[in-house]
Each structure stands twice: as structure tokens, then as C-alpha cells.
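Taking it in order: structure first as C-alpha cells, then the write-up.
The values are calculated or read from the model by the stated rules, or taken from the named source; none is laboratory data. Because the structure is a prediction, the values reported are computed rather than measured. Please note: Cβ atoms are built from the backbone with ideal geometry, for glycine as well, and neighbour counts cover all protein chains shown. Heads up: the accessible areas ignore ligands, DNA and RNA and are worked out on the full protein's heavy atoms, side chains in. Shrake-Rupley method; radii C 1.70, N 1.55, O 1.52, S 1.80 Å.
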Amino acid sequence: MHTIYRGELACREIHHRGQRLVVAEQGAQVLEYQRDGEPPIIWLSEQASYQRGQSVRGGIPLCWPWFGTLARNPEALRRQYPMASAPAHGLVRQQPWQLVEQQQDQQRQTLVWRLAGQADSMPLPGLTPTLSMTLDDGLTLSLDNHNHGNQSACISQALHSYFAVSDIHQVHVYGLEDCPYVDALDDWQRHQQAGPVRFHSETDRLYLQLPTRLHIDDPLWQRRLVLESQGSQSAVVWNPWVEKSRRLSQFADHDWQRMLCIETARVLENALTLGPGEHHRMAVRFVTEPL
């Protein structure tokens, strides 16, 4: 492992068992992940801007302690953060994180990240996240929530994973069949998924009651990307399509064709409540298989 720079951002680059991982210290955000000689697994915008205090488009940003717009979160969570101006996707994406532990052997490498001196300035100072990343034959991200305070805390969260795909028109997502979802583009109405997820237009859905395994089939790349989750029963599926792409920052007009977000999450009624002294882990593992 060594330190590299992307613009203003210090990053750690790791090579392990034919895989390459790049993580920015800001936000503990995975920027790049791929296997040698294969297309990227994680998508990163070609127009990404690497500036301190600004989230990078692509990779795997961490949304915490709320996901999306604070106003769309459960009332218990909103009461914890009476903020005049609440940033989208929480408080930690643009904060510096510290690599506090590294473990390595022939089988795996693990990096453990914590907020760098920011926890005491949070509105709920007893609530702290820890993010672990393990490379073995795949990549596992584990988000640990610790409530060291004396009151219960409500959290919504997501590992906002941008996946690289060959052509959004060709890929299918399996595992969400018959799952209920809330459609953010249909006035937050509830629906039920019929068959695999295909993409024909802008998509922004919050899926609930998920199984522990999903997969993205990409026939042009002859690849199946498997997502195995723990401690999560919800996920957000997103693609901005044509019109919204033109309004997004750090996003080329054609980029919607080459990416897809499936965000392992705790959202809506799946939001997390931790009592004093309680701990919770949400994790997701990414592995690829030939299709």
C-alpha cells in the first residue's frame, strides 16, 4: 500500500491478489476497484473533481447518518438533526477519515477507517461510524455503527456503490423479484417488482424486504457481479438516464450508459435504531463470476 494523490485528495492504493483498490482519505471513499486485465467493477466519472470538501462523483461514497434528503427520513431521525440547512446524504462524505488499522497476510488485506477527530462535533457526539474494507478474492465493505451515548439514536445509511457496466440497456439485476419498492420518481408511491430489473428510463427506487444476494448480469462483458449483504434489508437502485445526466455535476452527458447504482442501505422503515451501548454492522461483499 502506498499514498497517491488525485487532485487535492490523498488516497491509498492497494494491490492484492490481482486486484487494485484506491481509497480517498476524504470520506473513506472507494474511488477505484478492478481486477487486473478486466473492466472496472466500480465506476468513477471521467469528469470527477478531486477537491477538499467536495464529494467525488462515482466510487462508493458513504451516506451517514442519513440517506438522501433529511426531510424524507423517519421523524425520529429528523428530530435528532434540527438543522437549518442539512446536506444531502448526511455529514461524513466530505470529512477527513483516518486509517487506524491495517491487517495483511497472503489471503487478505483489511483497512479500518474512522472519522479523523470529527465525532465530537457531530449533533449526536456518542454516535460513531467505523468503515472496514477487506480484499481477499473480492471486496467487502463493513459499516459499523456504535452508540456510546446515553440516548437512543436513529440512523439511515447507504454504501452508495456506483458499478461500471458495459451498456445500461443490456444489463439486468436479479434478486429483487417480488420485492416492494418506493418510486422516488412517482411521488414516492409503493410498487412491487415484477421480474428482473431492466433499465429503459431514469430510475430511482428504494427497495425493501431484500434477500441477502443480488446480482448484475452484464452479457457484453460476460460478467456477473454478485452482491452479498449482511445487516441490510433495503437498497437503492439508481440511474439518471439522459435528461438528469445533463444537470449533474462531475458527470458527462453519456456517462449514464456506463454506470448503475445499487446502494446497500438502511432506509425508510428499514432505518436503524440503536439504544445506548448498542452496535450494528451492515456489510456488502462484491465478487465477479463469468456469465
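Among 277-290, 61-74, 133-146, how do they line up from the highest to the lowest mean number of other beta-carbon atoms within 10 Å?
Answer by packing, highest mean first, reads 61-74, 133-146, 277-290.
Kindly state, to the nearest 0.05, the FRET efficiency for residue 54 paired with residue 107, given R0 = 35 Å and r defined as their beta-carbon distance. Don't skip to the answer; put the middle values down first.
Values: r = 36 Å, r/R0 = 1.04.
That pair, residue 54 with residue 107, gives E of 0.45.
Would you mind estimating how fast region 180-242 diffuses translationally, via Stokes-Einstein at 10 °C and 1.306 mPa s with the Kirkwood radius over Cα pairs, in µm²/s? Show your work: numbers first, answer last.
Numbers: Rh = 13.0 Å.
My calculation gives 122 µm²/s for D.
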Pairwise Cα inverse-distance average, inverted: Kirkwood Rh of region 1-63 (Å): 11.9 Å
Could I get the Rg over Rh figure for region 1-155? Both from C-alpha atoms, Rh via Kirkwood, rounded to two places. 0.99
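Could you work out the percent of alpha carbon pairs in region 112-186 separated by over 20 Å, rounded to a whole number?
Details: 1580 of 2775 pairs.
Counting pairs separated by more than 20 Å, the tail of P(r) holds 57 percent.
How much area per residue is accessible in region 161-224 when the probe is 1.4 Å and only protein heavy atoms are counted (Å²)?
On the way: 3050 Å² over 64 residues.
Here the residues of region 161-224 average 48 Å² of exposed surface.
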Compute from the Cα atoms of the chain the Rg and the Dmax, the latter being the longest Cα-Cα distance, and quote both in angstrom. 18.1, 53
Å² per residue, accessible surface of region 1-100 at 1.4 Å: 44 Å²
Taking the Cα centre of region 67-190 as origin, sum charge times position over the Cβ atoms of Lys and Arg (+1) and Asp and Glu (-1), and report the length of that vector in debye to the nearest 20. 560 debye
Loop sites in region 228-276: trypsin sites (Lys or Arg not before Pro), DSSP, at most 16 other Cβ within 10 Å: 246, 247
Across region 54-120, how large is the tail of the calculated P(r) beyond 19 Å, expressed as a percent of all Cα pairs? 47 percent
I'm checking a number: the convex hull volume of the Cα atoms of region 176-291, normalised per residue, in Å³. What is it? 139 Å³
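Above 12 Å lies some portion of the pair distances; for region 170-213, what is it as a whole percent of all C-alpha pairs?
On the way: 572 of 946 pairs.
Beyond 12 Å sits 60 percent of the P(r) for region 170-213.
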What does the charge dipole of region 1-156 about its Cα centre add up to, to the nearest 20 debye, if the Cβ of each Lys and Arg holds +1 and the Cβ of each Asp and Glu holds -1? 440 debye
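Given R₀ = 51 Å, FRET efficiency for residue 71-residue 13 by Cβ-Cβ distance, to 0.05?
On the way: r = 38 Å, r/R0 = 0.75.
Given R0 = 51 Å and the Cβ-Cβ separation, E is 0.85.
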Over region 1-123, with every protein chain in place, what whole percent of the accessible area is carbon and sulfur at 1.4 Å, could you tell me? 41 percent
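Go through region 152-236 and name the trypsin sites (Lys or Arg not before Pro) that are in a DSSP coil and have 15 or fewer other Cβ atoms within 10 Å of their Cβ. Intermediate values should be presented prior to the final figure.
Details: sites: 190, 198, 205, 213, 223, 224; in loops: 198.
When the trypsin sites (Lys or Arg not before Pro) of region 152-236 are filtered for loop state and at most 15 Cβ neighbours within 10 Å, 198 remain.
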